[in-house]
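Take a look at the structure below.
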Amino acid sequence: PIAARDGKTLKELMQEAIRVDDIKIVPEYFEKVYFHWIDNLRDWCISRQIWYGHRIPVWYKGDQIYTGIEAPTGDEWSQDEDTLDTWFSSGLWTFSTLGWPEKTKDLETFHPTSFMSPAYEILPLWVSRMILMSGFHLGQVPFKSVMIHGLVRDKQGRKFSKSLGNGVDPIEVIDKYGADALRMGLLVGTAIGNDIKFDESKIKGYKHFANKVWNITRFILENTEGVDFLQSVTSTQKDQELIKNLDALTAEVTGDFDNYRLYLAAEKIYHYVWHEVADKILEESKPILNGSDSNEKLSRQHVLYTLLTTSLKLLHPFMPFVTEEIWQSLPKKETAMLIVTEWPL
């Protein structure tokens with residue numbers, strides 16, 4: 001593959017992958033970190049004294065040293081006991097998992113892969129080495145986009161440490177508040193690339209939000225029971241405005257996703273569901289649903305159901321478990337599973 005790319009060095013291949021936009025790094029300022037490492041390469045000790053990993057392919061017999069893929073023939077050869085550095089082996093990840101070195105259908109179909117999202121501390125350790133390995137062995141970039149995220153730290157901004165005793169077991173947090181609350185608590189308010197200060201009270205707040213989503217669902221399902229959603233309805237002007245506002249939110253959130261502003265997308269959906277749907281729309285709907293105008297009532301029932309299903313779709317990437325469970329309880333849905341339903345834009 002190197003020869004097929006005009007004999008460029010590994011260093012040149014790694015530089016080119018980013019400079020010609022074969023790979024997009026987000027946030028963009030991490031490109032400087034990448035190029036600083038590439039432009040100032042140091043020797044890399046690829047030997048490690050650990051119990052697992054690829055055994056170093058070097059054998060010794062007296063003063064003789066043999067290196068190769070296959071073991072040497074003959075007696076009295078002993079293989080080096082060290083393994084290759086973890087990042088050396090992990091650098092093969094994007095293609096070794098697809099059947100390489102065989103030319104498999106999976107390798108042809110799925111490589112290069114689409115997306116990677118590591119923490120910034122392993123940008124030189126792993127991302128750069130995946131680019132190196134893929135360029136050398138396949139003559140391809142390993143992926144199209146890399147979104148760099150920060151580290152989770154304690155409330156004082158310190159790294160989790162055994163000696164400080166400030167670590168958090170995510171399983172315990174999930175048992176207490178739920179996986180969805182943990183996901184939302186880590187995402188909302190944290191710009192991509194920045195470190196996250198773990199705050200249990202914030203996670204607790206999103207557990208309350210998950211309960212709110214359930215309560216919204218119960219209200220809407222109770223007040224739309226038996227409604228034929230295939231029946232045509234003349235929407236009121238107010239209901240048309242609600243759908244227009246929902247469409248605008250969906251467009252905004254989609255733009256945030258496309259530009260990796262996940263923290264903004266999560267925050268917008270949260271505020272819409274809690275403060276717009278729950279606090280305003282449902283309260284305004286109560287007299288309409290209990291009123292005598294049958295068309296106004298039917299219009300609002302249709303709109304409420306649309307607000308619910310679309311909100312679940314928008315919220316699903318952030319709170320997949322709660323939204324999927326609610327989706328299963330809906331009387332009318334496009335697909336059996338929410339996870340495979342089309343994005344609402």
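Things worth noting here:
- The 3J(HN,Hα) values that the Karplus relation (6.51, -1.76, 1.60; θ = phi - 60°) gives for the stretch 125-130 are, in residue order, 5, 10, 4, 4, 7, 5 Hz. Gly and Pro appear as x.
- Exposure rank, largest accessible area first [275, 316; 1.4 Å]: 275, 316
- Applying both filters, DSSP loop and at most 11 other Cβ atoms within 10 Å, to the trypsin sites (Lys or Arg not before Pro) of the stretch 1-104 gives 42, 103.
- Between residue 69 and residue 222, the modelled label-to-label distance comes to 6.8 nm, taking each label 7 Å out from Cα in the direction of the beta carbon.
- The stretch 1-63 and the stretch 205-244 have Cα centres separated by 53 Å.
- Here the accessible area of the stretch 191-345 is 50 percent carbon and sulfur, with a 1.4 angstrom probe and all protein chains present.
- Pairwise Lys count, the stretch 245-339 - Cα closer than 23 Å, eight or more residues apart or different chains: 10
- With a Förster radius of 51 Å applied to the C-beta separation of residue 50 and residue 238, the computed FRET efficiency comes to 0.20.
- Here the calculated FRET efficiency for residue 10 and residue 294, from their Cβ-Cβ distance with R0 = 45 Å, stands at 0.05, rounded to the nearest 0.05.
- Contour minus Cα-Cα distance for residue 208 and residue 284 (0.36 nm per residue): 25.1 nm
- Neighbour-limited loop hits for GluC sites (Glu not before Pro), the stretch 189-276 (at most 16 other Cβ within 10 Å; DSSP other than H, G, I, E, B): 225
- Counting 0.36 nm for each residue step from residue 161 to residue 32 and taking away their Cα separation leaves a gain of 43.6 nm.
- The mean accessible area for residues of the stretch 1-72, using a 1.4 Å probe and ignoring ligands and nucleic acids, is 74 Å² per residue.
- Among the GluC sites (Glu not before Pro) within the stretch 50-124, those in coil by DSSP and having at most 12 neighbouring Cβ atoms inside 10 Å are 70, 76, 81, 102.
- By the Stokes-Einstein formula, at 1.002 mPa s and 20 °C, the chain with its Kirkwood radius over alpha-carbon pairs has D equal to 88 µm²/s.
- Residue 104 accessible area, 1.4 Å probe, all protein chains in place, Å² to nearest 10: 40
- Relative to one another, the C-alpha centroids of the stretch 254-315 and the stretch 88-110 are positioned 44 Å apart.
- For the stretch 7-96, the share of accessible area belonging to carbon and sulfur comes to 52 percent (1.4 Å probe, ligands and nucleic acids excluded).
- Derived scalar couplings ³J(HN,Hα) [the stretch 312-322; Karplus, 6.51 cos²θ - 1.76 cosθ + 1.60; whole Hz; x for Gly, Pro]: 4, 5, 5, 7, 4, x, 9, 10, x, 6, 5
- Relative contact order (%) - the chain, alpha-carbon pairs under 8 angstrom, separation at least six: 14
- Shape analysis of the stretch 1-142 based on the Cα gyration tensor places the equivalent ellipsoid semi-axes at 30, 18, 15 Å, largest first.
- Length gained when the stretch residue 42-residue 194 is fully extended (0.36 nm per residue, less Cα-Cα span): 52.0 nm
The values are calculated or read from the model by the stated rules, or taken from the named source; none is laboratory data. Predicted model, so just to flag it, every value in this text is computed and none were measured. Here Cβ is always computed from backbone atoms with ideal geometry, including for glycine, and neighbour counts include all displayed protein chains. Accessible surface is based on the protein model in full, side chains and every heavy atom, while ligands, DNA and RNA are left aside. Shrake-Rupley method; radii C 1.70, N 1.55, O 1.52, S 1.80 Å.
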